[in-house]
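This report concerns only the one structure given below.
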Amino acid sequence: MSQYPPPTVIVANTKSVALSLVLTFFLGPLGMLYSTIWGALVMILLSVPLFFLTFGHGAPLIWPISMIWGAWATHRYNQRLLRRAGL
């Protein structure tokens, strides 16, 4: 009998960077909830006053930032997951 406990296996799926980009393209900061909750909350809190102050003309600034941040957060999540798995 072995004195070591059996290894624990944790199964987690990676996230899709393409899906993150599609969601943020169509939903803006709200689409970031797929990739990063904190990032989505920050961008939502920044975008709401910006939209009101600029009458919606702040969207060309917020949308690309949301897309880049969402894709970057998804990539970082996948890298951390794979590093933890030892791959």
Do we have any residue at all in region 40-51 that's more than 14 Å from the chain's Cα centre (by Cα), surrounded by 13 or more Cβ atoms within 10 Å (Cβ to Cβ) and not in a helix (DSSP H, G or I)?
no
Quick one: in region 2-39, of everything that is over 13 Å from the mean Cα position of the chain (by Cα) and of a type in the set (S, T, N, Q), which residue is nearest to W69 (Cα to Cα)?
N13
Can you find a residue in region 6-19 that is touching a residue at least 24 places away in the same chain (Cβ under 8 Å), on the phi > 0 side of the Ramachandran plot and outside any loop (DSSP other than H, G, I, E, B)?
no
Region 52-87, subset over 20 Å from the mean Cα position of the chain (by Cα) and either among the hydroxyl-bearing types (S, T, Y) or farther than 27 Å from V9 by Cα (or both), residue surrounded by the most Cβ atoms within 10 Å (Cβ to Cβ)
G58
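A short reminder: the numbers here are calculations on the coordinates, not readings from a lab. These numbers were taken from a predicted model, which means no experiment stands behind them. Here the Cβ is made from the backbone with ideal geometry for all residues, glycine too, and neighbour counts use every protein chain on show.
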